[in-house]
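Here the structure is laid out as structure tokens; the discussion comes afterwards.
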Amino acid sequence: MPGIDTVLIGPADVSISMGVPGEFQYPIIVEAMEAIRDTCLAKGIAPGAQTRSVPQA
């Protein structure tokens, strides 16, 4: 979509949507967030994510 400069990913929302609430290190969550990040970077969009801890970041 033209005009999108940044995307903020909510891991809690992603995990709930994918049926594994709160499982932030679950493989499908990590893969989904990496895919979003990679797509953003490929399109010149700044990706971001909310995290709850330094290791999670």
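Since every read-out is calculated from the coordinates, none of them should be taken as a lab result. What you are looking at is a predicted structure, and each value in this text was computed from that prediction instead of being measured. Here the Cβ positions follow ideal geometry from the backbone for every residue, glycine too, while neighbour counts run over all protein chains shown.
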A student asked for the Cα radius of gyration and Dmax of the chain in angstrom ought to give 11.7, 33
For Ala49, distant residues with modelled amide H under 5 Å away: Ile9
Förster radius 35 Å - calculated FRET efficiency between Val20 and Lys43, Cβ distance, rounded to 0.05: 0.80
Exposure proxy ranking, count of Cβ atoms within 10 Å, fewest first, for Val14, Val30: Val30, Val14
What does a probe at Ile28 reach in region 2-19, counting residues whose amide N is under 14 Å from the point 7 Å along Cα→Cβ? 14-19
Compute the helix-to-body angle for 27-42: its Cα long axis versus the longest principal axis of the chain, expressed 0 to 90° and rounded to tens. 10
Quick one: putting +1 on the C-beta of Lys and Arg, -1 on the C-beta of Asp and Glu, what dipole do you get for the chain around its Cα centre, in Debye to the nearest 20? 100
Taking region 13-57, which trypsin sites (Lys or Arg not before Pro) meet the DSSP loop condition and have no more than 13 other C-beta atoms within 10 Å? Lys43, Arg52
